[in-house]
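This report concerns only the one structure given below.
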Amino acid sequence: MKKIEAIIRPFKLDEVKEALLEEGIRGMTITEVRGYGRQKGHKETYRGSEYQIEFVPKIKIEVIVDNDSIEKTVEAILRTAKTGQVGDGKIFISDISDVIRIRTDESGSSAL
């Protein structure tokens, strides 16, 4: 099993969610996060004063998938989250040793 974490632009959330549902991804965790990478924030003007916004608002999506679902999950995220501009985000993939469903004590793939 793998954990796929995607940091995306907030306005892309609905598109990504729909694409993941179409691919059969039934569960996901969404977190509002702030950060910066190459984008390094941006400048805004408020009442005539310009100030730097260093941490840009993003959405973090976390999904756990079987090894045979990794490619289609990543492709769905890439297809829907990409704008072609700096700040589109990142996808991180890491190993998961086990998953346990609390309600039923199921573990492994059946707990997904």
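The values are calculated or read from the model by the stated rules, or taken from the named source; none is laboratory data. Note that this is a predicted model, so its numbers are computed, not measured. Heads up, the Cβs are rebuilt from the backbone with ideal geometry, glycines too, and the neighbour counts pull from every protein chain shown.
The table below lists the values:
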item	result
Residue match in the range 72-79 (condition: outside any strand (DSSP E or B), loosely packed, with under 10 Cβ neighbours inside 10 Å and aliphatic (A, V, I, L, M))	no
Selected residue (only one of 3, 82 is surrounded by 13 or more Cβ atoms within 10 Å (Cβ to Cβ) and touching a residue at least 40 places away in the same chain (Cβ under 8 Å))	3
Conditions (1) modelled with pLDDT of 95 or more; (2) under 25 Å from residue 101 (Cα atoms): number failed by residue 26	(1)
Subset of the range 7-41 that is assigned to a loop (DSSP other than H, G, I, E, B) and without any contact (Cβ under 8 Å) to a residue 24 or more places away in the chain - its residue that is surrounded by the fewest Cβ atoms within 10 Å (Cβ to Cβ)	40
Number of the exception - residue 95 against (1) modelled with pLDDT of 95 or more; (2) surrounded by 10 or more Cβ atoms within 10 Å (Cβ to Cβ); (3) out of contact with any helix residue (DSSP H, G or I) (no Cβ under 8 Å at 6 or more places or on another chain)	(2)
Condition check for residue 100: surrounded by fewer than 12 Cβ atoms within 10 Å (Cβ to Cβ) and of a type in the set (A, V, I, L, M, F, W, C)	yes
Pairs with Cβ under 6 Å, 6+ apart, first in the range 90-105 and within 25 Å of residue 9 (Cα to Cα), second surrounded by 11 or more Cβ atoms within 10 Å (Cβ to Cβ) and of a type in the set (D, E, K, R)	92/5; 93/2; 94/3
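Every residue, every condition in (1) β-branched (Val, Ile, Thr); (2) more than 30 Å from residue 100 (Cβ to Cβ); (3) more than 9 Å from the chain's Cα centre (by Cα), yes or no:
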| position | (1), (2), (3) |
| --- | --- |
| 5 | no, no, no |
| 31 | yes, no, no |
| 50 | no, yes, yes |
| 56 | yes, yes, yes |
| 59 | yes, no, no |
| 71 | no, no, yes |
| 75 | no, no, yes |
| 83 | yes, yes, yes |
